[in-house]
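No value in this document is a laboratory result; all are computed from the given coordinates. Everything quoted here is computed from the prediction, not taken from an experiment. Here Cβ is always computed from backbone atoms with ideal geometry, including for glycine, and neighbour counts include all displayed protein chains.
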Amino acid sequence: MAEVACVTCGQTGEAIATPLFLGKLEAEIKAKVCTGCWKKWEGMRVMVINEYQVNLGDESGRELVRKQMKAFLKLGEQTDSSKIAENYRPPNV
Ligand SMILES: [Zn+2]
């Protein structure tokens, strides 16, 4: 069983083995996030979509969900859940 040092919970956990259909983000998430944290985000995603009444057929809706996901999974992009900073870009490390 593959393991991953998870940036979300700070522990080593089981790597995600299923396809996520996330394009460019998929490799990063699989390298940095454990299955348990991903499952938590899947639950959270439903709440985000309901909370913001996100239309996933819309690019801006998908972008909002992406930003919330990165914030939730601690993938480096800081996002206030009540206000989306459109122009913020994290420094390259
Ligand atoms: Zn984790």
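Couple of notes before you dig in:
- For Thr35, Thr12, order by how many other beta-carbon atoms lie within 10 Å, fewest first: Thr12, Thr35
- Straight-distance candidates among the lysines for linking to Lys39, with alpha-carbon spacing under 19 Å and chain neighbours fewer than 8 residues away dropped: Lys30, Lys67, Lys70, Lys74.
- In terms of other Cβ atoms within 10 Å, Lys39, Lys74, Lys24, Lys67 run from fewest to most in the order Lys24, Lys39, Lys74, Lys67.
- The ranking of Met69, Met1, Met44 by Cβ neighbour count inside 10 Å, starting from the fewest, reads Met1, Met44, Met69.
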